[in-house]
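The values are calculated or read from the model by the stated rules, or taken from the named source; none is laboratory data. All values derive from a computational prediction rather than experimental measurement. In this analysis, Cβ positions are derived from the backbone assuming ideal geometry, glycine residues included, and neighbour counts consider all displayed protein chains. The area values use the complete protein model at the heavy-atom level, side chains included, leaving out ligands, DNA and RNA. Shrake-Rupley method; radii C 1.70, N 1.55, O 1.52, S 1.80 Å.
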Amino acid sequence: MDVATLLTTLLTTLLSGGGVAGFMQYKQNRKAKELENDKAASEQWRALYEEQTKTVQSLREKLHAVRTSLEEEKRQTLMCRFYVCEKLDCTDREPPHAEIMKEFKQISKK
């Protein structure tokens, strides 16, 4: 066997379908694996996004509850300031808006 016969046999085997088909199959397999990896990565990102969305939504609900309670506390503080007596030295302690309270009590009695 000489070199020409070996080269001819090798080229005939590759070109007759085994080599070209194998090379084409390799490219298709590589592309299919890349698509499979992309799909898996996309699913992982989607799951992470959904998890983060749920976390953000729960944090927003907690923030709303905290803001609501803070507003209620501010309202109560303002009401307390409204009724605070300004006379600190005497025994006749009256709220600063005693006239309004007297009118309110009279109206509520009727």
Only one of GLN52, GLN28, GLN57 that is open to solvent by 80 Å² or more (accessible area, probe 1.4 Å), modelled with pLDDT under 95 and among the polar types (S, T, N, Q): GLN28
Close pairs (9 angstrom Cβ cut-off, 6 or more residues apart or separate chains): at positive phi in the stretch 28-47, surrounded by 10 or more Cβ atoms within 10 Å (Cβ to Cβ) and not in a helix (DSSP H, G or I) anywhere: none
Where THR68 falls short, out of the listed (1) of a type in the set (Val, Ile, Thr); (2) in a helix (DSSP H, G or I); (3) at pLDDT below 70: (3)
